[in-house]
Amino acid sequence: MASAKRPNFLIVIADDLGFSDTGPYGSEIPTPTLDRLAGEGVTMTGFHTASACSPTRAMLLSGTDNHIAGLGQMAEFVRNRPEYHGRPGYEGYLNFRVAALPEILQDNGYHTVLSGKWHLGLKKELSPHARGFDKSFVYLAGAGNHYNNEPQLGDHPFQSPSVNGDGLWMHNDQFLDRKKDLPADFYSTTTFCDKMIDFLHERTAEEKGKPFFAYLALTAPHWPLQAPRETIAKYRGKYDAGPEALRAARLAALKARGLVPPDVFPAPMVGAVSKEWDAMSAQERAESSRRMETYAAMVDLIDAHLARVLAALEATDELDNTFVFFCSDNGAEGKLLESLPMMAGTPLVECIRRFYDNSLDNIGAADSFVWYGPRWAAAATAPSRGFKAWATEGGIRCPAIVRFPPLVAPPPPDATPAAAAAGTPEESSSPEQKRRRNHIVSHDFTTVMDILPTLLDLAQIAHPYPSRFRGRDIVAPRGVSWVPYLRSLSAVHSHSSSSHTLPSQSEPLQPNEQQPSLSGSTSLPRRHSSSSPTHPAVSTPAAAPQILPPHSDTSTTTGWELFGQRAIRRGRHKAVYIPAPLGSGLWELFDVEADPGEVCVLARRGRGGWEEGGEGLEERQGGTGGKGEGEGEDEQHERILQELLDEWVKYEDETGLYDPDPLAGEGEGVGAYV
Ligand SMILES: [Ca+2]
């Protein structure tokens, strides 16, 4: 009987998928498969990754920080920066200080398979086959043509992996010739899901006796935006009102679902901004819309093909004993790549100019090569600030859905007290309305580093640290198992389905008109921190089940750094450092639960001021004037910021983080290739 086995794991990761791009998060793009997973499981709003691809994947498979696991910076970024070379944690591949999740599972009786993007080492000895996967079909690099169409290569030897996939495909321990060995009808999402289904079908009797770990790492909807013409056609005209209209609709949908605070103040646009919709010519608007239509088609196809994978598991009666986890690897991609000075004349841009056709009717085709730019990305990241590669929430807060009925599931739609109390007549509620009312939403902070401890907990496998592992010394994971948390969510939801809505602020948002703007942004609103608990259920009577957030301990801090952008978070407070010219070049304190847009600066401090012991650049945003007994609000925020900066120093020490100042001036160009 399937349920007697240890649980299977299916981890599905999408590439550069934005926060609100799927149905559970209110998207207009229909994603019935993800709607089902969310309706039968948990939708998370507090899930965090690194701000870019390979660091997140390193965290996922190691359970620890990317600066420890070998992706302190992306390999593409450090390649021509010798100051990083030779530093532990900056190897550019998943290093051997970590015990990789598939290695641990393989050693403990799991059948381990991967289909999709690896991005954690380009050599055979660093490949999935070498890191614990029994079976793998992989693209080793970070981005590539979704149709395996590289017309330029016969003529011109472009070396960027984005336009040259030669030598980057592997099946198990063998390199593939992408021209001969990939299917003639290759399309990334289709083929990766086909291969995953093949791996599941092809299991031997012995392999079927084992639980499995299946890692499906899709390359969509990462640029180049490409999809079959008929799928793009489904979205024709849907985006003609432009990105601002889409952003407003997405925000409204997030609020309607209780996924963001109802009074949230969305972040203003940041970074290099493309032309206003109204300032565009009709032709420019048509081309921009077509890019978004293509993006939507890519998301549509992720869902459609994921349905096939789940159907394969249902056919073998394995789905309900499979912990299914779906997420994105970083925020939506908002770079305006073509406008970056550092991109001018690069091989990629030159290659696109010479060999691709980005005319309106060809956008999305195999020989087109486009991205969609900051305004469409801002629709997907709203209300958060920034995009992929930013340490603000727009870069690191990602959609995440869990389905595993043995641990966490909403009760049947009409069985909840709220449903009964509401007395809603059966005929007046659509199945969709009933499902949504019954959804379990998790607002608590979680991180991609938690996946490894969670899976090991479910499999009842102890992490090998501090013992040696496969003949080497290893580090401990930094993530925390979600098992008690998910169980508590289910219990609380069953006990009282008073919906898991975000607390509204006790005081309304107030303009902060006396404050100067930050880095040219609009004037900052300001509001008081709420002293109310994160979640209404936390304060339910003692007899009621309690939610057990995995990172509830206020001494737990989580840090981020990539491309010189830094952040450190403890509880609801987060300090962010964005170098000029993109940011203020100051450490800024936010309450990211009340203010997920990171627009209300509670305190600020210069990096130099901190380093020199509090002298110098220290300044802060004006307070509210409230003078309570003892510590005032401003003093409290200053103290919290100071504590977080102390934590930052610890984080640097613990992770071996190396962040030379010269990065600060590079702005948005960093990481442009990946
Ligand atoms: Ca990515």
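Taken together, the values in this text are just the output of simple stated rules run on the coordinates, not laboratory data. This one's a predicted model, so the numbers in the text were calculated from it and none came from an experiment. Quick reminder, even Gly has a Cβ in these numbers, built from the backbone with ideal geometry, and neighbours come from all protein chains shown.
What to note about this one:
- Mean-position separation - Cα centroids, the stretch 589-603 and the stretch 292-325, in angstrom: 35 Å
- Packing rank of 137-150, 43-56, where each peptide gets the mean count of other beta carbons within 10 Å, highest leading: 43-56, 137-150
- In this structure, the residue pairs whose Cα-Cα separation is over 28 Å, taken from 117/208; 117/335; 234/275; 238/574, are 238/574.
- Unit charges on C-beta of K, R, D, E only; dipole of the stretch 178-231, Debye: 160 debye
- Separation of the stretch 558-575 and the stretch 35-67, taken as the distance between their Cα centroids, equals 16 angstrom.
- Computed packing ranks the peptides 123-130, 15-22 as 15-22, 123-130, most packed first, by mean other Cβ atoms within 10 Å.
- A Förster radius of 41 Å combined with the Cβ-Cβ distance from residue 184 to residue 653 puts the calculated FRET efficiency at roughly 0.20.
- In a reduced charge model with +1 at each Lys and Arg Cβ and -1 at each Asp and Glu Cβ, the stretch 11-134 shows a dipole moment near 460 debye about its Cα centre.
- Relative contact order of the stretch 224-313: 59 percent, from C-alpha pairs under 8 Å at least 6 residues apart in sequence.
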